[in-house]
1. Does the range 118-127 hold any residues that are on the phi < 0 side of the Ramachandran plot and touching a residue at least 60 places away in the same chain (Cβ under 8 Å), and which are they?
2. Which of (1) surrounded by fewer than 19 Cβ atoms within 10 Å (Cβ to Cβ); (2) at pLDDT 95 or above; (3) touching a helix residue (DSSP H, G or I) at 6+ places or on another chain (Cβ under 8 Å) is the odd one out, the single condition residue 241 does not satisfy?
3. Return the pair list, or none, for Cβ contacts closer than 6 Å from residues in the range 227-239 that are free of Cβ contacts under 8 Å to residues at least 24 places away in the same chain and on the phi < 0 side of the Ramachandran plot to residues that are buried (at least 22 other Cβ atoms within 10 Å of the Cβ) and in a helix (DSSP H, G or I), at least 6 apart or on different chains.
4. Wholly within the range 174-236, which strands (runs of 3 or more DSSP E) include no fewer than the required count, namely at least 3 residues that are surrounded by fewer than 17 Cβ atoms within 10 Å (Cβ to Cβ)?
5. Quick one: would you say residue 234 is modelled with pLDDT of 85 or more and closer than 30 Å to residue 91 by Cβ?
């Protein structure tokens, strides 16, 4: 799944690294499962039956009537005081995935629309929120939801991020290094397909601070969406809860 959130700098070295780290993980997810993995997971995962039921929409509108921009995160009271850059949207599949991570929770040739939500930042980018949504065939949504709930996908996503996190370094500004990635034990918000809550120590110009990153995946009916939240110093748990509530409520209105 792609974000095009790098239109403008966030005015700070830590902010730039925070944003880059969030985007690295967003790109990494697409390579962590195949169609065969999803099919196998549906047959064996306890979440398979539940996810199939969750994606059933007896009164669903035709995909051509759905607009991906209606399913991204657009801010709320919890982002009061944040700076905001506009998002983007379009019809058909999204060709902006520069890393070629076609796969689970990503644009596909059958996508009828895509959208990026606004980029929301605070304190020069030390807190970052981005989101993306795709209109997809219901069968693909159901398969992807099942796939991301498997241990195999979880292990792959964490491994890929651990290997890729060095890509957040910005050699044109300063020396930024990442420590060992750790997972946080946090609850899955109601209605979300998966949550990855990670933390890593980030050193910039000799100063080390904790960076918290959360990725939320959602899928229902004919819509897949994802939110990326990152925060320096403090875990963004309250912000994550509010973002999830808004995105689930939007999915339920198909």
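1. Of the range 118-127, the ones on the phi < 0 side of the Ramachandran plot are 118-122, 126-127.
Within the range 118-127, 119, 121, 126, 127 meet the criteria.
2. (3)
3. Close Cβ pairs satisfying both conditions: none exist.
4. Numbers: elements: 176-178, 194-204, 207-220, 223-232.
It comes to 207-220.
5. Numbers: modelled with pLDDT of 85 or more: yes; closer than 30 Å to residue 91 by Cβ: no.
No.
Rundown of residues vs (1) under 21 Å from residue 192 (Cα atoms); (2) in contact with a strand residue (DSSP E or B) (Cβ under 8 Å, 6 or more places away or on another chain); (3) modelled with pLDDT of 90 or more, yes/no style:
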| residue | (1), (2), (3) |
| --- | --- |
| 61 | no, no, no |
| 64 | no, no, no |
| 81 | no, yes, yes |
| 94 | no, yes, no |
| 104 | yes, no, no |
| 112 | no, yes, no |
| 124 | no, no, no |
| 130 | yes, yes, yes |
| 137 | yes, no, yes |
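The values are calculated or read from the model by the stated rules, or taken from the named source; none is laboratory data. Here the structure is a predicted model, which means the values were calculated and not measured. Backbone-built Cβ (ideal geometry, glycine too); neighbour counts: all protein chains shown.
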